[in-house]
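The values are calculated or read from the model by the stated rules, or taken from the named source; none is laboratory data. Worth saying up front: this structure is predicted, and the values here are computed from it rather than measured. Backbone-built Cβ (ideal geometry, glycine too); neighbour counts: all protein chains shown. To get the accessible areas, we keep the full protein, side chains included, count just its heavy atoms, and leave off ligands, DNA and RNA. Shrake-Rupley method; radii C 1.70, N 1.55, O 1.52, S 1.80 Å.
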Amino acid sequence: MKNIYNILFVLLILAVAQSCFEDTSSLDTNPIEGVVIDTTGMSELSVFQFDNLEVTPNLIYSGNEDQLAYEWKINIGSTIGDTVFDVLSTERNLDAPIVFRPTPANSNHELVLTVTDTQTDIDYIMGWPLKVLNNIGQGILVATTPDGTSTDLSHIMSAQVTPNFDELSVKYNVYSSLNDGTIPGITKQLKYYRIGRDDAVLGITDNTIYRINTVDFTFGGTNEELFYVDRPAYKPQSLGQVNQGSLLVNNGNLTSTYFGATYKFGVPFESDFTVPAIIAAKTSSGPPVTIVFYDEEKDEFIYQPSATQFGDSNQYAIPASTDEAFNPATVDNKINVAASVGTTDGNFRHLLKDENTSAVGLYIFDEGVSVYPDIFPPSPIGFYDLSSAPDIQAAEHFVFTDDQKILYYATDTKLYAVLFSTETATVQERYTLEAGESFTTLQVYQDADYPFGSDYLPLNNRALLASTYDGTEGRVYLMPLINTGVGNIDVPNVKIWEGFDQITALGTQL
């Protein structure tokens, strides 16, 4: 037994000696050259959506950097555990555009740099959490068609249309970049709404109405998804607004929905009349009459006192009048060209064109009279025959200014102003496009929250917003207006943004 203990003691001594033995092999005297990725001050990264992410890593390596290979990749999703990655670059320094949606407060993408020593095939890996920030703010939304059958959306920010912004940011094809495709159909109108707590833009084509959530340009639904009660047919004609009401004309019916209290459209007003795409809707609170339109099927002017459940929302024909500026009952065979409400006088303006003779006339009504509990219809107070105005028979785009008595119309290449503040209208040419360009849209520039906001940009109601196309390229024009009441164009300060596909609609957003 004693001999056994002696043997165990000797083995223990040998084991201790072996653990303290100094390794003099080549692994100690010739260490493998390694790459150290210094992340000092780079614990997390952030980038604005659609901007380039630029990262210059501090690499510590005593060998020849020519034998190093690089791969930058990012996981496509921003949720924990998302392992589907997309390679951004194989250069040493990263400089790549980021088109992912803005990340929620409690989420992030993972940016991974892999440095490979091509001589040893050893990978050195470093990752960073990456926040994608929203940089699509107040500005102009541009609907384009790349193929004549679908819609893409682009976005413009500049000092003229974006508060506290002195740069220029034009982001092309934002929607398709984020949603792997375009929107079916050709968009003919875009309009911003505050829907609940969300900023959104509604767009319409000939057979769809759709929603875009502007915080990240995600698709927010279409047709029946935007209505509490499904419609028999989706043929949206126009979008508008009144006080506490967002308007939709669909298939000859009018709907008013207060998006401050609901997220979807309600049912349309019951009516025996056919509502056209072009209506005059008053945005001020408590007017005697809120809406006036011309029914092309019954050849009658129609008025609606209220667009809310708190008033009379029935529709009535404006009666005949033989001792006014014109007789509404004899205005027959007309089609709607343009309409608006003057914000300074409350008058309803309707530009109509005769189906048979092509005569163009401007018909003006007052705002009606309220003698509680009765509402009396608007009365005809003015008429201007514009049939002989220069090029008006060739005009395709018409728009009124709300706070001035000016009507603009555009042919393919020329822009005219009709001044109707006196008994006789005056028509003057205001702008001519460069050869080869044609107008595709025309409207007054208005901030997205007009007229229900409080702090508007200087060009709100003081500029025209238009688009053109030359067969290859679409352009956006912002034309400042000068000389109140005259509507001259401040030509030296006209802004033009190029590089778009054919533009079919323009809008503004917050």
Can you give the extra length, in nm with one decimal, that the chain gains between Asp198 and Phe452 once fully stretched, where that is 0.36 nm per residue apart less the Cα-Cα distance? 89.8 nm
Looking only at aspartates and glutamates whose Cα falls under 13 Å of Lys298's and that sit 8 or more positions away or on another chain, we get Asp272, Asp332
Heads up, I need the accessible area for Asp198: 1.4 angstrom probe, whole protein in place, Å², nearest 10. 60
Based on the alpha-carbon gyration tensor of segment 313-460 and its eigenvalue square roots a ≥ b ≥ c, which shape applies: rounded if a/c is under 1.5, prolate if not and a/b is larger than b/c, or oblate? oblate
Ordering Glu300, Glu429, Glu270 by accessible area with a probe of 1.4 Å, largest first, what comes out? Glu270, Glu429, Glu300
Euclidean distance between Cα centres, segment 326-341 to segment 351-368, Å: 4
Quick one: with all protein chains in place, what share of the accessible area of the chain is carbon or sulfur, to the nearest percent (1.4 Å probe)? 49
Working out 0.36 nm times the residue gap between Tyr372 and Val87, then minus their Cα-Cα distance, what length gain in nm do you get to one decimal? 95.6 nm
Average accessible surface area per residue within segment 241-338, 1.4 Å rolling probe, Å²: 43
Given Lys171/Lys235; Lys73/Lys131; Lys188/Lys414, which pairs have Cα atoms separated by over 24 Å? Lys171/Lys235
Placing each pseudo-label 7 Å from Cα in the direction of the beta carbon, Thr56 and Asp272 end up separated by a distance in nanometres of 7.8
Partners for Lys191 among aspartates and glutamates (Cα-Cα distance below 14 Å; same-chain residues under 8 apart left out): Asp199, Asp447, Asp449
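Taking a quarter of the surface of the Cα convex hull of segment 244-347, what do you get in nm²?
7.2
Arrange the peptides 271-282, 231-242 so that the one whose residues have, on average, the most other Cβ atoms within 10 Å appears first.
Highest-to-lowest ranking by the protection proxy: 271-282, 231-242.
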Kindly write out, for segment 251-263 in residue order, the coupling ³J(HN,Hα) from the Karplus curve 6.51 cos²θ - 1.76 cosθ + 1.60 (θ = phi - 60°), rounded to whole Hz, with x marking Gly and Pro. 6, x, 10, 10, 10, 10, 10, 8, 6, x, 10, 8, 10
Contact order relative to length for segment 154-262, counting C-alpha pairs under 8 Å separated by 6 or more residues, stands in percent at 17
Full extension from Asp216 to Asn314: what is 0.36 nm times the residue separation minus their Cα-Cα distance, to one decimal in nm? 31.3 nm
Structure-based [θ]222 nm, the chain - -39500 (n - 2.57) summed over DSSP H runs of at least 4, per residue, nearest 500: -1500 deg cm²/dmol
I'd like the accessible area for Ser387, computed on protein heavy atoms only with a 1.4 Å probe and all protein chains in place. Round to 10 Å², please. 40
Which distance in Å, rounded to a whole number, links the C-alpha centroids of segment 54-109 and segment 167-208? 30
Let me check something: with ligands and nucleic acids excluded, how do Arg349, Arg462 order by accessible area (1.4 Å probe), largest to smallest? Arg462, Arg349
In order over segment 344-355: 3J(HN,Hα) from phi, Karplus 6.51/-1.76/1.60, θ = phi - 60°, whole Hz, x for each Gly or Pro, gives 8, 10, x, 6, 8, 10, 9, 9, 10, 10, 6, 5
Largest-first ordering by accessible area, 1.4 Å probe, given options Phe439, Phe219: Phe219, Phe439
DSSP-defined beta bridges in the chain - what % are antiparallel, rounded to 5: 95
